[in-house]
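Enquirer: Got a structure for you, written out below as C-alpha coordinates; questions coming shortly.
The values are calculated or read from the model by the stated rules, or taken from the named source; none is laboratory data. None of these values were measured; they are calculated from a predicted model. Ideal geometry is used to build each Cβ from the backbone, glycine not excepted, and the neighbour counts take in all protein chains shown. Heads up: the accessible areas ignore ligands, DNA and RNA and are worked out on the full protein's heavy atoms, side chains in. Shrake-Rupley method; radii C 1.70, N 1.55, O 1.52, S 1.80 Å.
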Amino acid sequence: ALATTVSCGEGGPAGGLAPHGADSCWSGHFSEAFCCHPLPGVRLEDGNADCWDSAYTFDRCCPAQPPCGHASAEAEEVDRGWPPITLLTLVGPAGPLTFKAGSAGHTDFWSESANQVRFFASHAPVVGAPQFRAADLYLKGSFCSIELALPQMRDDASGSWVLHGSNCKPYLHCPLWVPIAVLVIDRIASMSLLRWLAAMDGRPARVDGPRHFVFRPPEKQSCNPSEVPFEPARHGLGDGQQATLASMWGSLADAYARLGLQGLLETWLLPEYEAVGLDENEAKNVTGRSLVWMDRIADFGHRFILPQHLCPTCCQHGAARLKLLVARNPFERLVSYFRLKWLGSPTKVHNRWEDFPVFVQYVSEVFNSTDAYREVPDEFEHGELDRTQLNPEFLQSDLLHTRAISEWLDDKRLKTPYRASEFLVIGVERLQKDIGRVAEELCSKFAYCRPLPPLPKVNSFSSFVSP
(Lines give C-alpha, C1' and ligand atoms only; values in the text may rest on other atoms or scores of the structure.)
Protein backbone atom coordinates (compact mmCIF):
# COMPACT_ATOMS: atom_id res chain seq x y z
CA ALA A 1 0.00 0.00 0.00
CA LEU A 2 1.15 3.54 -0.68
CA ALA A 3 0.05 4.82 2.70
CA THR A 4 -2.01 3.65 5.62
CA THR A 5 -5.10 5.77 6.24
CA VAL A 6 -6.74 6.34 9.55
CA SER A 7 -10.40 6.75 10.33
CA CYS A 8 -11.81 10.11 11.20
CA GLY A 9 -11.21 10.45 14.89
CA GLU A 10 -9.58 12.23 17.70
CA GLY A 11 -6.38 14.13 17.01
CA GLY A 12 -3.73 15.60 19.23
CA PRO A 13 -2.64 14.58 22.68
CA ALA A 14 -5.69 16.16 24.31
CA GLY A 15 -8.09 13.92 22.38
CA GLY A 16 -9.21 16.62 19.98
CA LEU A 17 -7.14 19.65 19.12
CA ALA A 18 -3.46 20.34 19.32
CA PRO A 19 -2.28 22.04 22.51
CA HIS A 20 -3.69 25.51 23.24
CA GLY A 21 -6.57 25.20 20.77
CA ALA A 22 -5.58 24.74 17.15
CA ASP A 23 -9.01 25.93 16.00
CA SER A 24 -7.93 29.47 16.77
CA CYS A 25 -5.00 29.23 14.32
CA TRP A 26 -6.85 29.35 11.02
CA SER A 27 -8.25 32.29 9.08
CA GLY A 28 -8.21 33.45 5.47
CA HIS A 29 -6.01 31.24 3.31
CA PHE A 30 -4.20 29.90 6.39
CA SER A 31 -5.59 26.42 7.02
CA GLU A 32 -4.41 23.18 8.56
CA ALA A 33 -4.00 21.67 5.09
CA PHE A 34 -1.90 24.61 3.92
CA CYS A 35 0.26 25.00 7.03
CA CYS A 36 0.73 21.55 8.57
CA HIS A 37 2.87 18.81 7.13
CA PRO A 38 0.69 15.75 6.44
CA LEU A 39 2.97 13.11 7.94
CA PRO A 40 2.82 12.97 11.73
CA GLY A 41 6.23 12.76 13.30
CA VAL A 42 7.96 13.80 10.09
CA ARG A 43 8.90 17.41 10.65
CA LEU A 44 10.32 18.25 7.23
CA GLU A 45 10.59 22.03 7.41
CA ASP A 46 7.87 21.96 10.11
CA GLY A 47 5.13 22.31 7.56
CA ASN A 48 4.82 25.60 5.69
CA ALA A 49 7.23 28.09 7.25
CA ASP A 50 5.20 31.05 5.92
CA CYS A 51 2.50 30.25 8.48
CA TRP A 52 4.45 30.62 11.70
CA ASP A 53 5.48 33.41 14.05
CA SER A 54 5.98 33.67 17.82
CA ALA A 55 2.25 33.31 18.53
CA TYR A 56 1.33 30.74 15.92
CA THR A 57 3.67 27.75 15.86
CA PHE A 58 3.73 24.30 14.31
CA ASP A 59 3.51 22.66 17.75
CA ARG A 60 0.50 24.68 18.79
CA CYS A 61 -1.52 24.56 15.59
CA CYS A 62 -0.85 21.20 13.97
CA PRO A 63 -2.64 18.14 15.40
CA ALA A 64 -0.61 15.08 16.25
CA GLN A 65 -2.97 12.83 14.27
CA PRO A 66 -4.04 13.60 10.69
CA PRO A 67 -7.63 14.29 9.71
CA CYS A 68 -9.61 11.82 7.64
CA GLY A 69 -7.95 10.91 4.35
CA HIS A 70 -4.38 11.70 5.41
CA ALA A 71 -1.68 9.11 5.81
CA SER A 72 -0.92 7.78 9.26
CA ALA A 73 2.45 7.63 10.97
CA GLU A 74 3.02 4.24 9.34
CA ALA A 75 3.51 6.15 6.09
CA GLU A 76 6.96 7.18 7.35
CA GLU A 77 8.11 3.64 6.61
CA VAL A 78 6.44 3.71 3.19
CA ASP A 79 8.24 6.95 2.38
CA ARG A 80 11.52 5.06 2.28
CA GLY A 81 10.35 3.39 -0.90
CA TRP A 82 9.31 4.90 -4.18
CA PRO A 83 7.50 7.18 -4.97
CA PRO A 84 8.02 10.11 -2.55
CA ILE A 85 5.06 9.73 -0.23
CA THR A 86 4.81 13.45 0.42
CA LEU A 87 3.56 13.95 -3.12
CA LEU A 88 0.76 11.48 -2.42
CA THR A 89 -0.42 12.74 0.93
CA LEU A 90 -0.38 16.53 0.69
CA VAL A 91 -3.96 17.71 0.28
CA GLY A 92 -5.92 20.89 -0.06
CA PRO A 93 -4.19 24.11 -1.17
CA ALA A 94 -0.81 22.55 -0.32
CA GLY A 95 -1.24 19.32 -2.28
CA PRO A 96 0.25 18.89 -5.75
CA LEU A 97 -2.18 16.12 -6.74
CA THR A 98 -5.29 18.19 -6.12
CA PHE A 99 -6.85 20.25 -8.86
CA LYS A 100 -6.71 23.59 -7.08
CA ALA A 101 -3.07 23.07 -6.19
CA GLY A 102 -2.21 22.18 -9.77
CA SER A 103 -3.84 25.41 -10.88
CA ALA A 104 -2.25 27.45 -8.06
CA GLY A 105 -5.70 27.72 -6.50
CA HIS A 106 -7.32 29.38 -9.50
CA THR A 107 -10.33 28.11 -11.42
CA ASP A 108 -10.96 31.18 -13.57
CA PHE A 109 -12.15 30.64 -17.13
CA TRP A 110 -9.19 32.52 -18.56
CA SER A 111 -6.85 35.00 -16.91
CA GLU A 112 -3.25 35.49 -16.00
CA SER A 113 -3.94 33.88 -12.64
CA ALA A 114 -5.42 30.79 -14.33
CA ASN A 115 -2.06 30.18 -15.98
CA GLN A 116 -0.02 30.49 -12.81
CA VAL A 117 1.90 27.48 -11.61
CA ARG A 118 3.22 26.53 -8.23
CA PHE A 119 6.09 24.29 -7.15
CA PHE A 120 5.79 22.09 -4.07
CA ALA A 121 8.63 20.91 -1.87
CA SER A 122 8.91 17.13 -1.57
CA HIS A 123 11.53 14.77 -0.25
CA ALA A 124 12.56 11.56 -2.00
CA PRO A 125 14.38 8.62 -0.37
CA VAL A 126 18.10 8.26 -1.04
CA VAL A 127 19.09 4.80 -2.24
CA GLY A 128 21.25 3.01 0.32
CA ALA A 129 20.64 5.66 2.97
CA PRO A 130 16.93 5.65 3.87
CA GLN A 131 17.58 7.95 6.81
CA PHE A 132 18.35 10.74 4.32
CA ARG A 133 15.96 12.38 1.92
CA ALA A 134 16.75 14.47 -1.12
CA ALA A 135 14.76 17.69 -1.43
CA ASP A 136 13.24 18.73 -4.72
CA LEU A 137 10.53 21.03 -6.03
CA TYR A 138 7.65 19.47 -7.93
CA LEU A 139 5.04 20.93 -10.24
CA LYS A 140 1.83 18.99 -10.83
CA GLY A 141 0.17 21.48 -13.07
CA SER A 142 0.89 24.02 -15.76
CA PHE A 143 -0.41 24.61 -19.25
CA CYS A 144 -0.68 21.43 -21.30
CA SER A 145 -2.99 20.02 -23.95
CA ILE A 146 -3.59 16.87 -25.93
CA GLU A 147 -4.87 16.40 -29.43
CA LEU A 148 -7.85 14.04 -29.60
CA ALA A 149 -7.42 11.98 -32.74
CA LEU A 150 -9.53 12.37 -35.82
CA PRO A 151 -10.71 8.91 -36.98
CA GLN A 152 -8.39 8.89 -39.99
CA MET A 153 -5.38 9.79 -37.81
CA ARG A 154 -5.62 6.89 -35.34
CA ASP A 155 -2.91 4.26 -35.62
CA ASP A 156 -1.12 1.76 -33.42
CA ALA A 157 1.72 4.17 -32.62
CA SER A 158 -0.23 7.36 -31.90
CA GLY A 159 -3.39 5.75 -30.55
CA SER A 160 -6.24 8.09 -29.68
CA TRP A 161 -4.26 11.07 -28.38
CA VAL A 162 -1.02 13.01 -28.75
CA LEU A 163 0.41 15.27 -26.05
CA HIS A 164 0.91 18.72 -27.56
CA GLY A 165 4.52 19.22 -26.50
CA SER A 166 6.27 19.30 -23.13
CA ASN A 167 4.80 21.38 -20.31
CA CYS A 168 7.93 21.04 -18.16
CA LYS A 169 10.63 22.85 -20.12
CA PRO A 170 13.11 24.09 -19.06
CA TYR A 171 12.61 21.71 -16.13
CA LEU A 172 12.54 17.93 -16.07
CA HIS A 173 9.75 15.41 -16.58
CA CYS A 174 9.63 13.46 -13.32
CA PRO A 175 6.94 10.75 -13.53
CA LEU A 176 5.42 9.78 -10.22
CA TRP A 177 5.86 6.02 -10.50
CA VAL A 178 9.47 5.65 -11.71
CA PRO A 179 12.59 7.43 -10.34
CA ILE A 180 13.61 8.97 -13.64
CA ALA A 181 13.99 12.60 -14.72
CA VAL A 182 13.98 13.39 -18.43
CA LEU A 183 14.78 16.62 -20.24
CA VAL A 184 12.48 16.44 -23.28
CA ILE A 185 13.62 18.55 -26.24
CA ASP A 186 11.58 19.07 -29.39
CA ARG A 187 12.55 17.08 -32.50
CA ILE A 188 14.67 14.66 -30.44
CA ALA A 189 12.28 11.71 -30.14
CA SER A 190 10.04 14.01 -28.11
CA MET A 191 6.73 12.40 -29.09
CA SER A 192 7.99 8.92 -28.23
CA LEU A 193 9.44 10.09 -24.92
CA LEU A 194 6.26 11.94 -23.91
CA ARG A 195 4.10 8.86 -24.55
CA TRP A 196 6.59 6.72 -22.62
CA LEU A 197 6.62 9.12 -19.67
CA ALA A 198 2.81 9.25 -19.62
CA ALA A 199 2.82 5.48 -19.05
CA MET A 200 4.93 6.02 -15.88
CA ASP A 201 3.19 9.12 -14.50
CA GLY A 202 -0.18 9.62 -12.86
CA ARG A 203 -1.64 9.15 -9.38
CA PRO A 204 -2.82 6.35 -7.11
CA ALA A 205 -5.97 4.67 -8.37
CA ARG A 206 -9.10 5.98 -6.72
CA VAL A 207 -10.67 3.36 -4.50
CA ASP A 208 -13.58 3.16 -2.08
CA GLY A 209 -12.92 4.63 1.32
CA PRO A 210 -11.01 7.55 2.81
CA ARG A 211 -7.84 7.21 0.73
CA HIS A 212 -9.74 8.42 -2.31
CA PHE A 213 -10.16 11.81 -0.69
CA VAL A 214 -6.47 12.55 -0.65
CA PHE A 215 -7.41 14.15 -3.98
CA ARG A 216 -10.04 16.46 -2.58
CA PRO A 217 -9.86 19.61 -0.47
CA PRO A 218 -10.60 19.10 3.23
CA GLU A 219 -14.04 20.72 3.08
CA LYS A 220 -15.11 18.13 0.49
CA GLN A 221 -13.81 15.11 2.39
CA SER A 222 -16.01 12.28 3.51
CA CYS A 223 -15.32 9.07 5.36
CA ASN A 224 -18.17 7.16 3.78
CA PRO A 225 -16.52 3.93 2.60
CA SER A 226 -19.50 3.09 0.42
CA GLU A 227 -18.99 6.05 -1.87
CA VAL A 228 -17.51 4.84 -5.17
CA PRO A 229 -15.18 7.42 -6.72
CA PHE A 230 -14.97 8.14 -10.43
CA GLU A 231 -11.92 6.37 -11.87
CA PRO A 232 -11.29 6.90 -15.60
CA ALA A 233 -8.00 4.96 -15.68
CA ARG A 234 -8.61 1.44 -17.01
CA HIS A 235 -5.25 -0.04 -16.09
CA GLY A 236 -2.18 0.86 -14.10
CA LEU A 237 1.34 -0.12 -13.20
CA GLY A 238 2.33 -2.60 -10.56
CA ASP A 239 -0.71 -4.11 -8.88
CA GLY A 240 -3.03 -1.88 -10.87
CA GLN A 241 -3.17 0.71 -8.09
CA GLN A 242 -0.83 3.06 -9.94
CA ALA A 243 -3.11 4.85 -12.41
CA THR A 244 -1.26 6.35 -15.37
CA LEU A 245 -1.76 9.51 -17.37
CA ALA A 246 -1.67 7.45 -20.57
CA SER A 247 -4.67 5.44 -19.41
CA MET A 248 -6.60 8.50 -18.25
CA TRP A 249 -5.94 10.41 -21.48
CA GLY A 250 -6.91 7.35 -23.53
CA SER A 251 -10.18 7.09 -21.61
CA LEU A 252 -10.88 10.78 -22.22
CA ALA A 253 -10.12 10.50 -25.95
CA ASP A 254 -12.27 7.38 -26.36
CA ALA A 255 -15.20 9.05 -24.59
CA TYR A 256 -14.99 11.91 -27.08
CA ALA A 257 -14.69 9.56 -30.05
CA ARG A 258 -17.68 7.43 -28.98
CA LEU A 259 -20.01 9.98 -27.44
CA GLY A 260 -19.05 13.36 -28.87
CA LEU A 261 -18.60 16.57 -26.96
CA GLN A 262 -21.77 16.33 -24.87
CA GLY A 263 -20.99 12.75 -23.92
CA LEU A 264 -17.44 13.71 -22.97
CA LEU A 265 -18.82 16.41 -20.70
CA GLU A 266 -21.45 14.23 -19.00
CA THR A 267 -19.57 10.94 -18.63
CA TRP A 268 -15.99 12.13 -18.08
CA LEU A 269 -15.37 15.79 -17.34
CA LEU A 270 -18.10 16.52 -14.79
CA PRO A 271 -17.48 13.31 -12.78
CA GLU A 272 -13.74 14.08 -12.80
CA TYR A 273 -14.28 17.62 -11.55
CA GLU A 274 -16.55 16.33 -8.79
CA ALA A 275 -13.91 13.78 -7.80
CA VAL A 276 -11.37 16.55 -7.17
CA GLY A 277 -13.84 18.72 -5.30
CA LEU A 278 -14.80 21.49 -7.72
CA ASP A 279 -18.18 23.13 -7.25
CA GLU A 280 -20.60 23.78 -10.12
CA ASN A 281 -19.29 27.23 -11.01
CA GLU A 282 -15.64 26.12 -10.87
CA ALA A 283 -16.43 23.12 -13.07
CA LYS A 284 -18.15 25.39 -15.59
CA ASN A 285 -15.13 27.71 -15.78
CA VAL A 286 -12.63 24.89 -16.15
CA THR A 287 -14.75 23.16 -18.80
CA GLY A 288 -14.93 26.34 -20.84
CA ARG A 289 -11.18 26.71 -20.56
CA SER A 290 -10.58 23.13 -21.68
CA LEU A 291 -12.74 23.52 -24.77
CA VAL A 292 -11.60 26.95 -25.95
CA TRP A 293 -9.48 25.44 -28.78
CA MET A 294 -11.60 22.38 -29.59
CA ASP A 295 -12.73 23.84 -32.90
CA ARG A 296 -9.12 23.96 -34.08
CA ILE A 297 -7.81 21.03 -36.06
CA ALA A 298 -4.11 20.57 -35.28
CA ASP A 299 -1.70 18.06 -36.85
CA PHE A 300 -3.45 15.07 -35.29
CA GLY A 301 -6.91 16.12 -34.15
CA HIS A 302 -8.93 18.45 -31.94
CA ARG A 303 -6.86 20.27 -29.32
CA PHE A 304 -8.13 19.85 -25.74
CA ILE A 305 -6.60 21.86 -22.87
CA LEU A 306 -6.15 19.44 -19.99
CA PRO A 307 -7.24 20.28 -16.45
CA GLN A 308 -3.98 21.08 -14.75
CA HIS A 309 -4.03 18.17 -12.31
CA LEU A 310 -3.91 15.86 -15.36
CA CYS A 311 -0.73 17.43 -16.76
CA PRO A 312 2.63 15.59 -16.58
CA THR A 313 4.62 15.89 -13.36
CA CYS A 314 7.69 18.14 -13.47
CA CYS A 315 10.54 18.73 -11.04
CA GLN A 316 13.39 21.20 -10.87
CA HIS A 317 16.38 19.08 -9.89
CA GLY A 318 15.68 15.37 -10.46
CA ALA A 319 16.82 14.60 -6.90
CA ALA A 320 17.09 10.84 -6.19
CA ARG A 321 16.24 10.13 -9.83
CA LEU A 322 18.16 8.88 -12.86
CA LYS A 323 18.55 11.85 -15.20
CA LEU A 324 18.13 10.98 -18.86
CA LEU A 325 18.95 13.09 -21.91
CA VAL A 326 18.43 11.99 -25.51
CA ALA A 327 20.78 13.65 -28.00
CA ARG A 328 20.64 14.04 -31.78
CA ASN A 329 22.92 15.22 -34.55
CA PRO A 330 22.18 19.00 -34.76
CA PHE A 331 22.05 19.01 -38.57
CA GLU A 332 19.64 16.06 -38.66
CA ARG A 333 17.45 17.88 -36.17
CA LEU A 334 17.30 20.98 -38.39
CA VAL A 335 16.41 18.82 -41.40
CA SER A 336 13.67 17.09 -39.43
CA TYR A 337 12.13 20.33 -38.25
CA PHE A 338 12.29 21.98 -41.69
CA ARG A 339 10.58 18.95 -43.20
CA LEU A 340 7.85 18.98 -40.55
CA LYS A 341 6.99 22.69 -40.38
CA TRP A 342 8.42 24.50 -43.42
CA LEU A 343 8.40 22.10 -46.35
CA GLY A 344 5.21 22.72 -48.36
CA SER A 345 3.90 25.25 -45.83
CA PRO A 346 1.25 27.57 -47.34
CA THR A 347 2.51 30.52 -45.29
CA LYS A 348 6.31 30.18 -45.51
CA VAL A 349 8.03 31.80 -48.48
CA HIS A 350 10.95 29.38 -48.30
CA ASN A 351 9.05 26.10 -48.31
CA ARG A 352 11.00 23.92 -50.78
CA TRP A 353 14.06 21.73 -50.25
CA GLU A 354 15.98 24.22 -52.37
CA ASP A 355 15.21 26.81 -49.67
CA PHE A 356 16.69 24.80 -46.81
CA PRO A 357 19.96 26.88 -46.89
CA VAL A 358 17.89 30.02 -46.19
CA PHE A 359 16.37 28.34 -43.15
CA VAL A 360 19.84 27.38 -41.89
CA GLN A 361 20.99 30.95 -42.53
CA TYR A 362 18.15 32.24 -40.34
CA VAL A 363 19.28 29.96 -37.51
CA SER A 364 22.85 31.19 -37.91
CA GLU A 365 21.81 34.85 -37.94
CA VAL A 366 19.71 34.47 -34.80
CA PHE A 367 22.55 32.68 -33.02
CA ASN A 368 25.29 35.14 -34.04
CA SER A 369 23.47 38.47 -33.96
CA THR A 370 20.89 38.14 -31.16
CA ASP A 371 20.60 36.74 -27.63
CA ALA A 372 17.31 35.00 -28.45
CA TYR A 373 18.67 31.45 -28.10
CA ARG A 374 20.26 32.26 -24.75
CA GLU A 375 17.61 34.63 -23.33
CA VAL A 376 14.41 33.27 -24.85
CA PRO A 377 11.98 36.18 -25.34
CA ASP A 378 8.21 35.90 -24.98
CA GLU A 379 7.81 36.75 -28.66
CA PHE A 380 10.24 36.56 -31.55
CA GLU A 381 10.30 37.39 -35.27
CA HIS A 382 13.06 37.19 -37.87
CA GLY A 383 13.54 36.95 -41.61
CA GLU A 384 11.48 37.89 -44.65
CA LEU A 385 7.75 38.48 -44.46
CA ASP A 386 5.71 35.33 -44.96
CA ARG A 387 3.10 34.89 -47.68
CA THR A 388 0.46 36.69 -45.61
CA GLN A 389 2.73 39.77 -45.57
CA LEU A 390 1.84 40.18 -41.89
CA ASN A 391 4.69 38.44 -40.03
CA PRO A 392 8.30 37.44 -40.63
CA GLU A 393 8.52 33.74 -41.41
CA PHE A 394 10.93 32.69 -38.62
CA LEU A 395 8.87 32.90 -35.42
CA GLN A 396 8.95 31.97 -31.72
CA SER A 397 8.04 28.33 -32.36
CA ASP A 398 10.91 28.07 -34.87
CA LEU A 399 13.27 29.54 -32.29
CA LEU A 400 12.32 27.00 -29.63
CA HIS A 401 12.48 24.02 -31.99
CA THR A 402 15.97 24.93 -33.19
CA ARG A 403 17.44 25.79 -29.80
CA ALA A 404 20.52 23.71 -28.97
CA ILE A 405 20.66 21.17 -26.14
CA SER A 406 23.41 23.20 -24.45
CA GLU A 407 21.14 26.25 -24.39
CA TRP A 408 18.32 24.27 -22.75
CA LEU A 409 20.76 22.98 -20.12
CA ASP A 410 21.84 26.56 -19.36
CA ASP A 411 18.38 28.12 -19.57
CA LYS A 412 18.24 31.39 -17.63
CA ARG A 413 15.02 30.34 -15.87
CA LEU A 414 16.92 27.59 -14.05
CA LYS A 415 18.23 28.58 -10.64
CA THR A 416 21.13 26.16 -11.17
CA PRO A 417 22.09 25.15 -14.72
CA TYR A 418 22.05 21.46 -15.54
CA ARG A 419 25.33 19.75 -16.42
CA ALA A 420 25.39 17.20 -19.23
CA SER A 421 27.67 15.03 -17.07
CA GLU A 422 24.75 14.55 -14.63
CA PHE A 423 22.70 12.76 -17.29
CA LEU A 424 22.72 9.34 -18.88
CA VAL A 425 23.02 10.47 -22.50
CA ILE A 426 21.64 8.25 -25.26
CA GLY A 427 21.78 8.97 -29.00
CA VAL A 428 18.37 9.12 -30.66
CA GLU A 429 19.46 6.64 -33.34
CA ARG A 430 20.12 4.02 -30.62
CA LEU A 431 17.23 4.92 -28.35
CA GLN A 432 15.20 1.76 -28.91
CA LYS A 433 18.26 -0.45 -28.39
CA ASP A 434 19.71 1.46 -25.45
CA ILE A 435 16.51 1.79 -23.44
CA GLY A 436 17.67 -1.36 -21.67
CA ARG A 437 20.56 0.67 -20.25
CA VAL A 438 18.01 2.87 -18.51
CA ALA A 439 16.47 -0.16 -16.79
CA GLU A 440 19.92 -1.42 -15.77
CA GLU A 441 20.93 1.96 -14.32
CA LEU A 442 17.65 2.25 -12.43
CA CYS A 443 18.13 -1.17 -10.91
CA SER A 444 21.84 -0.94 -10.05
CA LYS A 445 21.95 2.68 -8.86
CA PHE A 446 18.41 3.45 -7.71
CA ALA A 447 17.15 0.03 -6.55
CA TYR A 448 14.23 0.26 -8.96
CA CYS A 449 14.20 -3.12 -10.68
CA ARG A 450 10.65 -3.31 -12.00
CA PRO A 451 9.99 -3.61 -15.75
CA LEU A 452 9.68 -0.34 -17.65
CA PRO A 453 6.88 0.18 -20.19
CA PRO A 454 8.00 -0.23 -23.80
CA LEU A 455 9.18 2.90 -25.55
CA PRO A 456 6.68 3.63 -28.36
CA LYS A 457 8.08 4.45 -31.77
CA VAL A 458 6.26 7.48 -33.11
CA ASN A 459 7.43 8.72 -36.52
CA SER A 460 6.29 11.99 -38.04
CA PHE A 461 7.22 10.85 -41.54
CA SER A 462 6.37 7.74 -43.51
CA SER A 463 9.43 7.89 -45.79
CA PHE A 464 13.07 8.97 -45.83
CA VAL A 465 14.27 12.20 -47.38
CA SER A 466 14.78 11.71 -51.09
CA PRO A 467 18.34 12.34 -52.26
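Enquirer: So if each residue of separation counts as 0.36 nm, and I subtract the Cα-Cα distance between Leu261 and Arg60, what length gain in nm does that give?
Expert: Numbers: separation 201, 0.36 × 201 = 72.36 nm, distance 5.02 nm.
This chain segment gains 67.3 nm when fully extended.
Enquirer: Output ³J(HN,Hα) for the range 165-179: one whole-Hz value per residue in order, computed from phi by the Karplus curve 6.51 cos²θ - 1.76 cosθ + 1.60 with θ = phi - 60°, and x for Gly and Pro.
Expert: Taking θ as phi minus 60°, the curve returns x, 7, 8, 9, 3, x, 8, 9, 7, 10, x, 5, 8, 9, x Hz for the range 165-179.
Enquirer: Would you check the accessible area of Asp201, probe 1.4 Å, heavy atoms only, in square angstrom rounded to 10?
Expert: Asp201 exposes around 10 Å² with every protein chain in place.
Enquirer: May I pose another question? Show me 372-385, 259-272 ranked by packing, highest mean number of other Cβ atoms within 10 Å first. If you can, show how the numbers build up before the last one.
Expert: Values: 372-385: 14.2, 259-272: 15.9.
By packing density, highest mean first, the sequence is 259-272, 372-385.
Enquirer: Shifting gears a bit: Leaving ligands, DNA and RNA out of it, work out the accessible area of Phe331 with a 1.4 Å probe and give it in Å² to the nearest 10.
Expert: 120
Enquirer: Let me ask something else about it. Hey, with R₀ at 56 Å, roughly what FRET efficiency would Phe331 and Ser24 work out to, going by the Cβ-Cβ distance, to 0.05?
Expert: Details: r = 66 Å, r/R0 = 1.19.
The formula returns an efficiency of 0.25 here.
Enquirer: For the range 225-306, what class follows from the C-alpha gyration tensor (a ≥ b ≥ c being the square roots of its eigenvalues): rounded when a/c is under 1.5, otherwise prolate if a/b is larger than b/c, else oblate? Can you show the working numbers first?
Expert: Working: a/c = 2.13, a/b = 1.25, b/c = 1.70.
It is oblate, given that a/c is not under 1.5 and a/b is not larger than b/c.
Enquirer: What trypsin sites (Lys or Arg not before Pro) does the range 406-451 have in DSSP loop regions with at most 12 other beta carbons within 10 Å?
Expert: Numbers: sites: Lys412, Arg413, Lys415, Arg419, Arg430, Lys433, Arg437, Lys445; in loops: Lys412, Arg413, Lys415, Arg419.
The qualifying sites are Lys412, Arg413, Lys415, Arg419.
Enquirer: I've got another one for you. Rounded if a/c is under 1.5, else prolate if a/b beats b/c, else oblate: with a ≥ b ≥ c from the C-alpha gyration tensor eigenvalues square-rooted, which is the range 317-467?
Expert: On the way: a/c = 2.96, a/b = 1.64, b/c = 1.80.
The shape class here is oblate.
Enquirer: At 1.4 Å probe size, with the rest of the protein present, what percent of the exposed accessible area of the range 281-417 is carbon and sulfur atoms?
Expert: Details: 3390 of 6480 Å².
The value for the range 281-417 is 52 percent carbon and sulfur by accessible area.
Enquirer: For a quick check: with amide H placed at 1.01 Å from N, whose amide H comes under 5 Å from Gln242's, ignoring anything fewer than 5 positions away on the same chain?
Expert: Counting only residues 5 or more places away or on other chains, the set is Ala205, Leu237.
Enquirer: With label points built 7 Å along Cα→Cβ from the Cα atoms of Gln389 and Ala404, find their separation and express it in nm.
Expert: Here the answer is 3.9 nm between the modelled labels.
Enquirer: Skipping prolines and chain starts, which residues have an amide H placed within reach, meaning under 5 Å, of the one on Ala121, given they are 5 or more residues away or on another chain?
Expert: For Ala121, whose amide H was placed from the backbone, the distant partners under 5 Å are Tyr138.
Enquirer: Is the shape of the range 277-337 rounded, prolate or oblate, going by the alpha carbon gyration tensor and its root eigenvalues a ≥ b ≥ c, with a/c under 1.5 for rounded and a/b larger than b/c for prolate? Write out the running numbers ahead of the final one.
Expert: Numbers: a/c = 5.39, a/b = 1.46, b/c = 3.69.
It is oblate, given that a/c is not under 1.5 and a/b is not larger than b/c.
Enquirer: So who's got an amide H within less than 5 Å of the one on Leu322, skipping anything under 5 residues away but keeping other chains? H placed 1.01 Å off N, in plane.
Expert: Distant-sequence amide H within range of Leu322: Ile180, Ala181.
Enquirer: Taking 0.36 nm per residue of sequence separation and subtracting the Cα-Cα distance, how much length would be gained by fully extending the chain between Ser369 and Glu381, in nm to one decimal?
Expert: Details: separation 12, 0.36 × 12 = 4.32 nm, distance 1.33 nm.
Taking Ser369 through Glu381 to full extension adds about 3.0 nm, to one decimal.
Enquirer: Spelling out what I want: for every residue of the range 199-206, take phi, set θ = phi - 60°, compute 6.51 cos²θ - 1.76 cosθ + 1.60 (Karplus), and round to whole Hz; glycine and proline get x.
Expert: Computed from phi, the couplings for the range 199-206 are 7, 10, 10, x, 7, x, 4, 6 Hz.
Enquirer: Here is a further query. What ³J(HN,Hα) values, in whole Hz, does the Karplus curve 6.51 cos²θ - 1.76 cosθ + 1.60 give for the range 258-270 when θ = phi - 60°, with x put for Gly and Pro?
Expert: Result, rounded to whole Hz: 7, 10, x, 5, 5, x, 4, 5, 6, 9, 10, 5, 5.
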